[in-house]
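Here's the structure, in structure tokens; my notes come after.
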Amino acid sequence: MSTVDLTRDERAARQTSGPVLGMVLFVASEAMFFATFFGAYFTIYSVNPVWPPAGFPHLEPGLATVLTAVLVTSSGTLQLGIRAIRRDRRRALLGWLGLTILLGVAFLGLQLYDYSLLGFSTLFYVMTGLHMAHVFGGVVFLALVLLQGIGGQLSDTSHDPLEAGTIYWHFVDVVWICLFTTFYLVGLR
């Protein structure tokens with residue numbers, strides 16, 4: 001079937017909404033922002049024969065592995081929430097979304113605890129701190145979407161804020177996986 005054969009409603013259903021497109025563009029700009037920091041880190045990393053530099057301990061991946069599991073799980077619960085609302089199961093959405101928010105808050109708390117145990121470079125704190133700020137923003141965004149869901153403003157045909165929040169949350173998850181790999185796994189040479 002060609003585009004010409006589609007009805008107006010079918011074409012409209014295939015178009016990306018403004019909030020979702022806006023989030024995709026925002027995430028693309030944030031990806032470039034983080035890419036700059038990763039580029040700086042790997043430039044510094046590549047010119048130092050010993051890593052981490054003298055005076056800085058190796059980062060142990062133990063707690064960071066738990067942080068990774070928490071964040072990856074939260075992406076899974078959010079995806080289950082998307083699946084629920086697409087099937088018009090609003091109560092299930094609220095449960096999954098609430099659990100996602102709790103996991104995001106747990107991640108933030110555990111990362112603050114991890115910071116209290118660590119001593120590493122400024123770039124480490126800049127990159128992970130910016131990520132933490134993004135997780136905090138994601139938690140706030142998802143909490144606002146949860147309030148919309150509680151207020152009955154989300155349905156199987158109208159849930160663009162949830163879709164936009166999901167795109168952002170998955171982005172935050174991917175950035176953390178890159179940070180974890182960079183600082184806790186690659187940095188172990």
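The values are calculated or read from the model by the stated rules, or taken from the named source; none is laboratory data. Since the structure is predicted, the reported quantities are computational estimates derived from the model, not experimental observations. For neighbour counting, all protein chains shown are included, and Cβ atoms are generated from backbone atoms with ideal geometry for every residue, glycine included. Heads up: the accessible areas ignore ligands, DNA and RNA and are worked out on the full protein's heavy atoms, side chains in. Shrake-Rupley method; radii C 1.70, N 1.55, O 1.52, S 1.80 Å.
Any idea how many residues of the stretch 14-32 are under 30 Å from PHE124 (Cα atoms) and either open to solvent by 90 Å² or more (accessible area, probe 1.4 Å) or in contact (Cβ under 8 Å) with a residue 12 or more places away in the chain (or both)? First the steps, then the outcome.
Of the stretch 14-32, the ones under 30 Å from PHE124 (Cα atoms) are 22-32.
Next cut, either open to solvent by 90 Å² or more (accessible area, probe 1.4 Å) or in contact (Cβ under 8 Å) with a residue 12 or more places away in the chain (or both) only: 22-27, 30-32.
Result for the stretch 14-32: 9.
Which members of the stretch 27-59 meet the condition of being of a type in the set (A, V, I, L, M), over 14 Å from HIS134 (Cβ atoms) and in contact with a helix residue (DSSP H, G or I) (Cβ under 6 Å, 6 or more places away or on another chain)?
Scanning the stretch 27-59 gives a single hit, LEU59.
So how many residues does the stretch 42-62 have that are assigned to a helix (DSSP H, G or I) and in contact with a Phe, Trp or Tyr (Cβ under 8 Å, 6 or more places away or on another chain)? Step through it out loud before you land on a result.
Our first condition is that a residue be assigned to a helix (DSSP H, G or I); within the stretch 42-62, this holds for 42-47, 62.
Okay, now just the ones that are also in contact with a Phe, Trp or Tyr (Cβ under 8 Å, 6 or more places away or on another chain), so 45.
Selection size over the stretch 42-62: 1.
Before we move on, is PHE42 within 14 Å of the chain's Cα centre (by Cα) and open to solvent by 30 Å² or more (accessible area, probe 1.4 Å)? Full working, then the answer.
Numbers: within 14 Å of the chain's Cα centre (by Cα): no; open to solvent by 30 Å² or more (accessible area, probe 1.4 Å): yes.
Considered against the rule, which asks whether it is within 14 Å of the chain's Cα centre (by Cα) and open to solvent by 30 Å² or more (accessible area, probe 1.4 Å), PHE42 comes out as no.
Look at the stretch 130-154 and say how many of its residues are surrounded by 13 or more Cβ atoms within 10 Å (Cβ to Cβ) and of a type in the set (Gly, Ala, Ser).
Total meeting the criteria: 3.
Only one of VAL105, VAL135, VAL72 is farther than 20 Å from PHE183 by Cβ, among the hydrophobic types (A, V, I, L, M, F, W, C) and assigned to a helix (DSSP H, G or I). Can you tell me which?
On the way: VAL135 fails: farther than 20 Å from PHE183 by Cβ; VAL72 fails: farther than 20 Å from PHE183 by Cβ.
Sole residue among the options that is farther than 20 Å from PHE183 by Cβ, among the hydrophobic types (A, V, I, L, M, F, W, C) and assigned to a helix (DSSP H, G or I): VAL105.
Within the stretch 144-189, track down each residue that is over 30 Å from THR122 (Cβ atoms), outside any helix (DSSP H, G or I) and in contact (Cβ under 8 Å) with a residue 12 or more places away in the chain.
GLY152, LEU154, SER155, ASP156, HIS159
Being open to solvent by 30 Å² or more (accessible area, probe 1.4 Å), free of Cβ contacts under 8 Å to residues at least 60 places away in the same chain and not aromatic (Phe, Trp, Tyr) is the filter here, so list the residues in the stretch 66-100 that pass it. Reasoning before the result, please.
To start, the set of residues in the stretch 66-100 that are open to solvent by 30 Å² or more (accessible area, probe 1.4 Å) comprises 66, 69, 72-73, 76, 79-80, 83, 86-91, 94-96, 99.
With free of Cβ contacts under 8 Å to residues at least 60 places away in the same chain added as a condition, the list becomes 66, 69, 73, 76, 80, 83, 89, 91, 94-96, 99.
Hits for the stretch 66-100 are VAL66, ALA69, THR73, GLY76, LEU80, ARG83, ARG89, ARG91, LEU94, GLY95, LEU99.
Need the failing condition index for ILE167 against (1) touching a Phe, Trp or Tyr at 6+ places or on another chain (Cβ under 8 Å); (2) modelled with pLDDT of 95 or more, just the number.
Answer for ILE167: the failing condition is (1).
Within the stretch 108-130, track down each residue that is assigned to a helix (DSSP H, G or I) and either touching a residue at least 60 places away in the same chain (Cβ under 8 Å) or farther than 19 Å from ALA69 by Cβ (or both).
Keep residues of the stretch 108-130 that are assigned to a helix (DSSP H, G or I), which gives 108-117, 122-130.
Across the stretch 108-130, the qualifying residues are SER116, THR122, LEU123, PHE124, TYR125, VAL126, MET127, GLY129, LEU130.
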